[in-house]
Amino acid sequence: MIDFHAHMGVLNREGCTGKPNVTADGLVEIMDRRGIDLAVLLPLESPDWGGGYFLVEQALEAREKYPDRFIVFACADPRYQLALEFVDHSVEQNGCPGFGEHVNGLPLDHPLNLRLYARCNELKLPLVFEITRPHICFDEPGLPRLESCLQKYPDIRWVGHGPHFWSAISGDDGEKPGPYPKDRITDGGAIDRLMERYDNLYADLSGMSGYNAMTRDPDFAQEFIRRRQTRLLFGTDICYASDSLPIIEWMNKTPMDSGIRRAIAEDNAVRLLGL
C-alpha cells in the first residue's frame with residue numbers, strides 16, 4: 001500500500017502524554033508492521049493546524065535515509081514572503097512531486113492562497129489540502145470556494161481531506177453539529193457533485209474524517225467508492241507513534257472488488273505521483 005498522507009517529526013512539542021513523536025526510523029517500523037510500502041511525507045509548515053512543525057528539510061532528511069520508503073511534498077505557508085521561491089526550489093532542486101499539507105488559517109480562496117495555487121498550477125502538482133471550519137482553509141457548506149479553485153486552477157490535482165471536506169459527502173452538510181457526523185448520508189453532497197463535474201478533484205481517506213465518512217453509512221460508502229474508485233487515495237494522517245490508524249483495518253476488511261481495493265491502496269497514487 002501507498003500512504004498518501006503521512007507526517008513525522010516533533011509535532012508534540014509540549015510533552016502531552018499519550019502523543020509520542022515519530023522519527024523516520026519509527027515511521028518505517030510502523031509501515032512495516034501495518035503493511036505500508038511507501039509513504040508520502042507531508043510537511044506541516046503552518047502553525048494553525050494545532051501542533052508543532054514538520055519542515056520540508058526534515059522530510060528530505062528522512063527520504064535521504066530511506067529513499068525507497070518516502071516521497072516528500074513541497075510545503076510553504078502562504079504568509080511566508082518567499083513561499084513561491086521555496087516551492088520552486090523544492091520541486092526543481094529536491095524533486096518534490098506535489099504540494100501539501102495545505103493547512104493554514106486563511107480562507108481556502110484567500111489571495112495569498114491563490115498566489116500559491118497559481119504556482120502549483122503552473123507546475124501541474126497534486127495538492128493535498130484540509131478544510132476544517134472555521135479555522136483551516138475555510139469553506140462554507142456546499143464548498144463554493146473549492147469549486148471556484150477547481151475551475152480557476154485546472155492543472156492542480158486537488159486532494160481533499162479534513163472534517164469539513166468529508167462532511168460534504170452528505171447533502172445535509174452544515175446542518176449537524178460537530179466535525180464527525182454519525183447519521184446516515186443524504187444524497188446531494190458537494191463531494192459527489194464536484195467529483196462528477198471536475199476530474200481534477202481527488203479525495204484522501206486519511207484521518208478520522210475519512211474513516212468516519214466511510215463508516216457512518218456503509219451502504220452509501222460502498223456505492224461511493226465504486227463511483228469514485230479512480231480518484232480515492234489511501235492515507236493514514238499519522239502524526240504520533242500512538243495513533244491507531246483505523247483506516248488500515250477498513251482497507252483490509254471492507255468487502256470490495258479487488259481492482260477497486262488496488263486502485264485505492266496504490267494504483268491511483270502511482271498515477272498521481274508519476275511512479
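List of remarks:
- Qualifying residue in the range 12-19 (condition: surrounded by fewer than 20 Cβ atoms within 10 Å (Cβ to Cβ), without any contact (Cβ under 8 Å) to a residue 12 or more places away in the chain and not in a loop (DSSP other than H, G, I, E, B)): no
- Residue match in the range 39-57 (condition: modelled with pLDDT of 95 or more, surrounded by fewer than 19 Cβ atoms within 10 Å (Cβ to Cβ), in contact with a Ser or Thr (Cβ under 7 Å, 6 or more places away or on another chain) and not aliphatic (A, V, I, L, M)): no
- From the options 231, 226, 184, residue that is exposed (fewer than 14 other Cβ atoms within 10 Å of the Cβ), touching a helix residue (DSSP H, G or I) at 6+ places or on another chain (Cβ under 8 Å) and under 30 Å from residue 155 (Cβ atoms): 226
- Qualifying positions in the range 161-174 - outside any loop (DSSP other than H, G, I, E, B) and surrounded by fewer than 24 Cβ atoms within 10 Å (Cβ to Cβ): 163, 164
- Identity of the residue in the range 46-69, small (Gly, Ala, Ser) and part of a loop (DSSP other than H, G, I, E, B), that ends up nearest to residue 120 (Cα to Cα): 46
- Only one of 181, 154 that is assigned to a loop (DSSP other than H, G, I, E, B), at pLDDT 95 or above and either over 19 Å from residue 105 (Cβ atoms) or touching an Asp or Glu at 6+ places or on another chain (Cβ under 7 Å) (or both): 154
- The range 193-215 residues that are under 18 Å from residue 100 (Cβ atoms) and buried (at least 17 other Cβ atoms within 10 Å of the Cβ), paired with ones that are among the charged types (D, E, K, R) and at pLDDT 95 or above (beta carbon under 6 Å, 6 or more apart): 200/157; 202/157; 202/231; 206/237; 207/237
- Odd one out for residue 31 among (1) under 18 Å from residue 244 (Cα atoms); (2) in contact (Cβ under 8 Å) with a residue 40 or more places away in the chain; (3) among the aliphatic types (A, V, I, L, M): (2)
- Matching residues in the range 70-97 - criterion: being outside any strand (DSSP E or B) and in contact with a Lys or Arg (Cβ under 8 Å, 6 or more places away or on another chain): 78, 83, 84, 87, 88
The values are calculated or read from the model by the stated rules, or taken from the named source; none is laboratory data. Quantities reported herein were computed from a predicted structural model and do not represent experimental measurements. Note that each Cβ is placed from the backbone with ideal geometry, even for glycine, and that neighbours are counted across all protein chains shown.
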